[in-house]
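Written out below as structure tokens is the structure these notes cover.
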Amino acid sequence: MLNYVFSSKAKSLAFFAAFLLLLVVSGSRPASAALPNLVGEAAVLMDAETGTILASRNPEQRLPMASTTKMMTALIALERGQLDETVTVSEEAAYQEGSSMYTSPGETYTLEEMLYGLLLNSGNDAAWAIAEHVAGSVPEFVELMNEKALELGATNTHFANPSGLPDPEHYSTARDLALIAQAALARSDFSRLVATKAQEVPWPVKGENKLLINHNRLLWRYDGADGVKTGYTNEARQCLVASATREERRLIAVILKSEGNSVWTDAEKLLDYGFANFENRTLVRAGESLASAPVKGGESEEVSLMTAADLTVTLPKGAGEEVEKTVEVLGELEAPVAAGHQAGELVFSLAGEEIGRVPLVTTVDVARPVKKNWWFWAAAGLALYTLVYLIMRWDIRRRRQRMRLRRIIARYRYRE
């Protein structure tokens, strides 16, 4: 059943970025669901479709994130490059310290091959070569990374390099890394790359191929695992951004500053928790007519409203039937009103807490009727007077012509 709320205040009816409010797990999860114990200092579990945070631990704490940095490096490369482009490895790139895909100065690879080296082998050499290729220099590429972070809402993230090597100005949070992973996984090319367990690429200096093995152990040990990126430095400790998909639902787990094998069990616990206790529900589809709004001065007294978008939310399992809907309309509209004009919102709530809203827009145009004011009647009267006057003048001329004709005929007969 729909509840209606009419507001006289000028509220903002701008489209919500994701059309939903993040759920606070501690207040909305089933009573029997206990958050898992984790070793990692910071963690986040996010639904990839809705962006809902299902569980978290120190989600806004700034920490070094090691090679999970390379998610952003790959995202920028995919947005600005083509997979078949040729990348030449510079001397600076080839001799980067840390993990490597074992390139040599002057070697050439396709961008796709470099991305395999970046995301599977976690090659710092690949990260440097990609940055130089895409932006011309590493500093310019880093600027692109930071701009993209702000665009995605990762406001507690700052990049100092494309690889994740330690730097005081290189940090992120569990929440921000989940946002970056969500954006990257929305691309099919990125998803394909990070789900790859092993890939052969050329090894030009040896004239043979080399086999790159994905460092993400979850791809072998967790059902449905399909990404994303590992990371380790002495400062960052064990880091992992993991994703898994089951029954067309993908979850993202972020673990920062874990220890040893605990990084894998931390991620597995979070993913298990999310799949076991939550589900996605589509509450409304775009184009559904669910309400109407009054119209002042229109040809019709009201206009029907329809939803402008789909709304899918993540809910505790079994809670879908408890969701309530409320229609908020900004009172009376004033004609003329164009179809598609936003006139209200459909608000969804669970246990008194808002979980999402969708704009309501008008389905048809509502025109203003023609008003017959004094000037209309004056104009109509003048037009009628003019018409009658013209008819009378025409009739008078016609009669005079007939009289002249009769006189001429009469004179003619008299002469005869």
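Starting from residues that are among the charged types (D, E, K, R) and more than 16 Å from R80 (Cα to Cα), keep the ones in the stretch 118-176 and report whichever is surrounded by the fewest Cβ atoms within 10 Å (Cβ to Cβ). Even if it seems obvious, please write down each step before you answer.
Taking the stretch 118-176 and keeping what is among the charged types (D, E, K, R), we get 125, 132, 140, 143, 147-148, 151, 167, 169, 175-176.
Add one more test, that the residue is more than 16 Å from R80 (Cα to Cα), and what stays is 125, 167, 169, 175-176.
On the way: D125: 29, D167: 13, E169: 9, R175: 25, D176: 24.
Only one residue fits best here, namely E169.
Condition test on T69, is it modelled with pLDDT of 95 or more, within 15 Å of N124 (Cβ to Cβ) and either touching a Leu at 6+ places or on another chain (Cβ under 7 Å) or not β-branched (V, I, T) (or both)?
Details: modelled with pLDDT of 95 or more: yes; within 15 Å of N124 (Cβ to Cβ): yes; either touching a Leu at 6+ places or on another chain (Cβ under 7 Å) or not β-branched (V, I, T) (or both): no.
Spelling it out, it is not the case that T69 is modelled with pLDDT of 95 or more, within 15 Å of N124 (Cβ to Cβ) and either touching a Leu at 6+ places or on another chain (Cβ under 7 Å) or not β-branched (V, I, T) (or both).
Given the residues S292, S300, which is the only one that is of a type in the set (S, T, Y) and in a strand (DSSP E or B)?
Working: S300 fails: in a strand (DSSP E or B).
Among S292, S300, only S292 is of a type in the set (S, T, Y) and in a strand (DSSP E or B).
Across the stretch 326-365, which residue is nearest to T52 (Cα to Cα) among those that are in a loop (DSSP other than H, G, I, E, B) and of a type in the set (D, E)? Break it down into steps so the answer makes sense when it comes.
Start the filter on the stretch 326-365 by keeping residues that are in a loop (DSSP other than H, G, I, E, B), which leaves 330-332, 335-336, 338-341, 351-352, 363-365.
The next check asks that each one be of a type in the set (D, E); those that pass are 332, 365.
Details: E332: 35, D365: 36 Å.
Within the stretch 326-365, the match that is nearest to T52 (Cα to Cα) is E332.
Tell me which of these E334 doesn't satisfy, since it passes every other one: (1) in contact with a helix residue (DSSP H, G or I) (Cβ under 9 Å, 6 or more places away or on another chain); (2) without any contact (Cβ under 8 Å) to a residue 60 or more places away in the chain.
(1)
Across the stretch 263-285, which residue is surrounded by the fewest Cβ atoms within 10 Å (Cβ to Cβ) among those that are free of Cβ contacts under 8 Å to residues at least 60 places away in the same chain and more than 30 Å from R237 (Cα to Cα)?
The selected residue is T282.
Within the stretch 220-235, does at least one residue satisfy the condition of being within 17 Å of G51 (Cβ to Cβ) and part of a helix (DSSP H, G or I)? Explain how you work it out, then say what you get.
To start, the set of residues in the stretch 220-235 that are within 17 Å of G51 (Cβ to Cβ) comprises 227-228.
Next, only the ones that are part of a helix (DSSP H, G or I) stay: none.
Checked the stretch 220-235: no residue is within 17 Å of G51 (Cβ to Cβ) and part of a helix (DSSP H, G or I).
Of the conditions (1) out of contact with any helix residue (DSSP H, G or I) (no Cβ under 8 Å at 6 or more places or on another chain); (2) part of a helix (DSSP H, G or I); (3) closer than 25 Å to Y102 by Cβ, V205 clears all except one; give me its number.
(2)
Mind checking which residues of the stretch 341-366 are among the small types (G, A, S) and loosely packed, with under 14 Cβ neighbours inside 10 Å?
Our first condition is that a residue be among the small types (G, A, S); within the stretch 341-366, this holds for 343-344, 349, 351-352, 356.
Passing the criteria: A351, G352.
Going by the conditions given, is L150 hydrophobic (A, V, I, L, M, F, W, C), within 30 Å of L315 (Cα to Cα) and without any contact (Cβ under 8 Å) to a residue 60 or more places away in the chain? Please lay out each step first, then the result.
Working: hydrophobic (A, V, I, L, M, F, W, C): yes; within 30 Å of L315 (Cα to Cα): yes; without any contact (Cβ under 8 Å) to a residue 60 or more places away in the chain: yes.
Here the answer is yes, as L150 does meet what is asked.
The values are calculated or read from the model by the stated rules, or taken from the named source; none is laboratory data. These figures come from a predicted structure and were not determined experimentally. Backbone-built Cβ (ideal geometry, glycine too); neighbour counts: all protein chains shown.
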